[in-house]
Amino acid sequence: MCLSYIHFIIPFNHHTEQQLKALSNKVKDHRMRMRLLAVAHFKAGKNKADVARTLNVSRRMVNEWVANYFKGGVSALESKKPSGRPSLLSSQQKAELIDYIEKKSQSASGGRLNGEMLQTYIQRAFSISYHQNSIYKLLKSLNITWTTSRSKHPKQSEEAQENFKKTAN
C-alpha cells in the first residue's frame with residue numbers, strides 16, 4: 001500500500017502519535033505496521049530501548065525506523081522490493097521465448113506446451129539450464145498465464161461446425 005498520499009494531508013513528518021497508530025491499523029503489511037507503531041511510541045515519549053522492548057525488536061531497528069521517518073516521512077518506512085537474482089535470459093532471449101510460445105500456441109497442429117518442453121527449448125536454443133519450477137516463475141515474470149486451452153484438431157472445419165449449428169436448431 002503506497003502511503004505517499006498522506007503528505008498532501010499532513011506535512012512530511014508532523015504526524016501525531018494517534019495519527020500514526022490509526023494509520024498502522026489501516027496498513028495490511030505487518031512490517032509497515034511495526035514501523036509505524038515504533039515511531040508512534042517514540043513520539044509518545046518512550047525512549048528507543050523501551051520501544052524496542054515493547055515491540056520485541058532490536059533497538060538498532062527502532063533507531064533506523066525513527067531516523068528514516070524523520071528523514072523521509074511515512075513513505076520512508078515502506079518496504080523496498082528485494083531485487084532478487086537477475087534473470088539468466090537476456091531481454092532478447094525472453095522476446096524469442098515469447099515468440100516461440102505464441103507460435104506454438106497458435107499452431108494448426110495444436111499448441112500444447114508444458115514446463116518440460118519449454119525447459120528443453122531454452123536449453124537447446126540458449127544453452128541455459130532452468131529447473132522446471134523456475135520455468136513457471138519465468139513465465140509469470142513474462143506475464144504469460146499458464147492456462148491450458150483446448151487444441152484444434154488439424155482437420156477441424158469452421159464451415160462444418162457452422163452447418164452443424166444450423167441443422168441442430
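Can you find even one residue in region 149-159 that is at pLDDT 90 or above, in a loop (DSSP other than H, G, I, E, B) and surrounded by 13 or more Cβ atoms within 10 Å (Cβ to Cβ)? No, region 149-159 contains no residue that is at pLDDT 90 or above, in a loop (DSSP other than H, G, I, E, B) and surrounded by 13 or more Cβ atoms within 10 Å (Cβ to Cβ).
Beta carbons closer than 7 Å, at least 6 apart along the sequence or on distinct chains, pair a first residue in region 13-41 that is farther than 18 Å from F70 by Cα with a second that is in a helix (DSSP H, G or I) for V27/R33; V27/L36. Does A95 satisfy the criteria of being at pLDDT 90 or above, surrounded by fewer than 16 Cβ atoms within 10 Å (Cβ to Cβ), over 30 Å from F42 (Cβ atoms) and not charged (D, E, K, R)? Judged against the criteria, A95 is a match. Determine whether region 78-85 contains at least one residue that is within 30 Å of H15 (Cβ to Cβ) and surrounded by 14 or more Cβ atoms within 10 Å (Cβ to Cβ). Yes, some residue in region 78-85 is within 30 Å of H15 (Cβ to Cβ) and surrounded by 14 or more Cβ atoms within 10 Å (Cβ to Cβ). So is K104 closer than 30 Å to S24 by Cα, out of contact with any Ser or Thr (no Cβ under 6 Å at 6 or more places or on another chain) and without any contact (Cβ under 8 Å) to a residue 24 or more places away in the chain or not? Spelling it out, it is not the case that K104 is closer than 30 Å to S24 by Cα, out of contact with any Ser or Thr (no Cβ under 6 Å at 6 or more places or on another chain) and without any contact (Cβ under 8 Å) to a residue 24 or more places away in the chain. Only residues that are surrounded by 14 or more Cβ atoms within 10 Å (Cβ to Cβ), hydroxyl-bearing (S, T, Y) and under 16 Å from E17 (Cα atoms) were counted in region 43-77, giving 1. For region 88-133, the set of residues classified as closer than 27 Å to K155 by Cβ, in a helix (DSSP H, G or I) and either small (G, A, S) or touching a strand residue (DSSP E or B) at 6+ places or on another chain (Cβ under 9 Å) (or both) consists of S105 only.
Taking region 104-116 as the search range and keeping residues that are under 13 Å from N133 (Cα atoms) and loosely packed, with under 14 Cβ neighbours inside 10 Å, which one is modelled with the highest pLDDT?
Among them, the one singled out is E116.
Considering each residue of region 137-144 in turn, none proves to be modelled with pLDDT of 90 or more, among the small types (G, A, S) and within 22 Å of the chain's Cα centre (by Cα).
The values are calculated or read from the model by the stated rules, or taken from the named source; none is laboratory data. What you are looking at is a predicted structure, and each value in this text was computed from that prediction instead of being measured. Virtual Cβ from ideal backbone geometry, glycine too; neighbours counted across all protein chains shown.
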